[in-house]
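Reviewing the structure listed below.
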Amino acid sequence: MSKITTLSEFIIERQADFPYASGDLSRLLSDIGIASKIVNQQVNKAGLGDILGAQGSTNVQGEDQQKLDVYADETFIRAFRNGGMVCGIGSEENDKYVAFEKPLCKKGKYVVLFDPLDGSSNIDVNVSIGTIFSIFRRTSSVGDRADVNDFLQKGVKQVAAGYVIYGSSTMLVYTTGYGVNGFTLEPSIGEYCLSHPNMKIPEDGQVYSINEGHLNSMGEGVKAYVDYCKASDAKSNRPYSARYIGSLVADFHRNLIKGGIYIYPATKKAPEGKLRLLYECSPLAFIVEQAGGKASDGYRRIMEIQPSELHQRVPYFIGSTNMVEKAEAFMRKFEPVEA
Ligand code: AHM
Ligand code: MG
């Protein structure tokens, strides 16, 4: 049997990448791994909700059964609060950031921004969903209460980011700025095992992922790029294939492995785009860049956008470098921004 490296072993080995590391980030990453396994258990039996609910709609702890995204949010928050490495969190499920009041947490050096269960409209139909997380070092003083500026940081300031995909198997993929590594949950032993070391996205791909049903409400640059993807050209292997799950983590994960581009542009209904900069776009941008790819809003690097609001939205182009650059060229040509 070849040697298996578990997530916990890997995190500890990699601590040496950070001279003078105290181990707090390692503990935080381990906490995320554990919380995701708890969420995974519930996701796996999502279809049984009604059957189990019929027993009295309370779970074994006597708590009311909750919607899965709320359950995931609470599970991660509990893990962060109990872990003591984090002074506050921002999440898709909470209007405002949450500053932890526990004295131990106030000493935490990090904040986490996360989407506890992205693509949750897919839960009912047994399609892959995910958790996305982004970790920053706090800007406020250790010992104080977390403040809003701890959360409104550019993507380039992230110390770690990752996602969990609850798919045909469950995987955790993360980066701390030294490459991207993926771990598959081995259900029989309940451990994440290193299965995708040093992940790299192909420079080119043959897949484009966009909600084409909304094409009429998108700008001319995006329309022209989609036309380009569909046009025949043997030299560049076009037409490309369209693949759109409607679950960002799943679409991103496929494109990361096989090459491709994911686009959620500005639309008439969502003039700023739909996806959130801080806990959807920035963390995946950090991962794609570490894997050799690119993420932009059509014009600017996502990682360099200064957020002004917790739930800020941004148009999103992410994936294989050559594809994102091509899409940007169409944006510049057909939707030039005013100087
Ligand atoms: P959510 O955070 O409310 O789940 O929305 C985000 C999801 C992404 O996972 C997905 O890529 C996108 O919304 C799909 O949106 P649409 O149905 O407009 O194509
Ligand atoms: Mg989401």
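We did not get these values from a lab; they are worked out from the coordinates using the rules stated. No experiment lies behind these values; they were computed from the predicted model shown. Ideal geometry is used to build each Cβ from the backbone, glycine not excepted, and the neighbour counts take in all protein chains shown.
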**Asked** Taking the Cα centre of the stretch 200-284 as origin and charging only Cβ (+1 Lys, Arg; -1 Asp, Glu), how large is the dipole, in debye to the nearest 20?
**Response** 140
**Request:** May I ask you to list the aspartates and glutamates whose Cα is less than 16 Å away from that of residue 109, ignoring any residue fewer than eight positions away on the same chain?
**Result:** 24, 31, 101, 144, 147, 150
**Item:** Of 293, 105, 247, farthest towards positive along the dipole that unit charges on Lys, Arg, Asp, Glu beta carbons give the chain
**Value:** 293
**Message:** I'd like the projected area of the stretch 207-334, averaged over all directions, using the convex hull of its alpha carbons. Report it in nm² with one decimal.
**Reply:** 7.3
**GNM flexibility winner over the chain from 84, 143, 298 (Cα, springs under 10 Å)** = 143
**Prompt:** Pulled fully out, how much extra length does the chain show between residue 333 and residue 124, if you take 0.36 nm times their separation in residues and subtract their Cα-Cα distance?
**Reply:** 71.2 nm
**Item:** Separation of the residue 107 and residue 215 label points, Cα + 7 Å toward Cβ, nm
**Value:** 5.9
**Complete:** Within the stretch 222-339, pairs of Lys residues whose Cα atoms are less than 14 angstrom apart, provided they are eight or more positions apart or on distinct chains, add up to 5
**Message:** Residues of the stretch 118-133 with the amide nitrogen closer than 15 Å to a label point 7 Å from the Cα of residue 67, along Cα-to-Cβ, please.
**Reply:** 118-125
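Just to be sure I follow the definition: excluding the sites themselves, where is the longest run in the chain that has none of the chymotrypsin sites (Phe, Trp or Tyr not before Pro) in a DSSP loop with at most 16 other Cβ atoms within 10 Å?
Values: sites that count: 20, 178, 244, 299.
Maximal segment without exposed cleavage sites: 21-177.
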**Message:** Can you tell me the mean projection area, over all orientations, of the convex hull of the stretch 7-196's alpha carbons? Units nm², please.
**Reply:** 11.5
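Roughly how big is the chain's charge dipole about its Cα centre, with Cβ charges of +1 (Lys, Arg) and -1 (Asp, Glu), in debye to the nearest 20?
560
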**Message:** Once you place label points 7 Å from the Cα toward the Cβ at residue 236 and residue 2, how far apart are they in nm?
**Reply:** 3.6
**Complete:** Debye calc, one equal point scatterer per Cα of the chain, no solvent, log10 I(q)/I(0) at q = 0.11, 0.12 1/Å comes to -0.72, -0.86
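Using just the helices of the chain, give the 222 nm mean residue ellipticity in deg cm²/dmol: DSSP H runs with n ≥ 4 each add -39,500 (n - 2.57), and the total is spread over all residues, rounded to 500. List each step's numbers first, then the result.
Numbers: 10 runs with 103 residues, N = 339.
After summing the helix terms and dividing by the residues of the chain, the value is -9000 deg cm²/dmol.
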**Request:** Kindly state, to the nearest 0.05, the FRET efficiency for residue 82 paired with residue 227, given R0 = 51 Å and r defined as their beta-carbon distance.
**Result:** 0.50
**Item:** Simple label model, 7 Å out from Cα along Cβ direction - residue 194 to residue 308, nm
**Value:** 4.4
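How big is D for the stretch 282-330, in µm² s⁻¹ as a whole number, if Stokes-Einstein is applied with the Kirkwood radius of its Cα pairs at 10 °C and 1.306 mPa s? Don't skip to the end; give the middle numbers.
Numbers: Rh = 11.0 Å.
Stokes-Einstein gives a translational diffusion coefficient of 145 µm²/s.
Hydropathy first: keep DSSP H helices in the chain averaging at least -0.5 on Kyte-Doolittle, then drop any whose Cα extent along the axis falls short of 18 Å, and list what survives. Please list the in-between numbers first.
Values: long enough: 24-44 (30 Å, 0.14); 68-83 (22 Å, -0.23); 321-334 (20 Å, -0.45).
What comes out of the filter, once short or polar helices are dropped, is 24-44, 68-83, 321-334.
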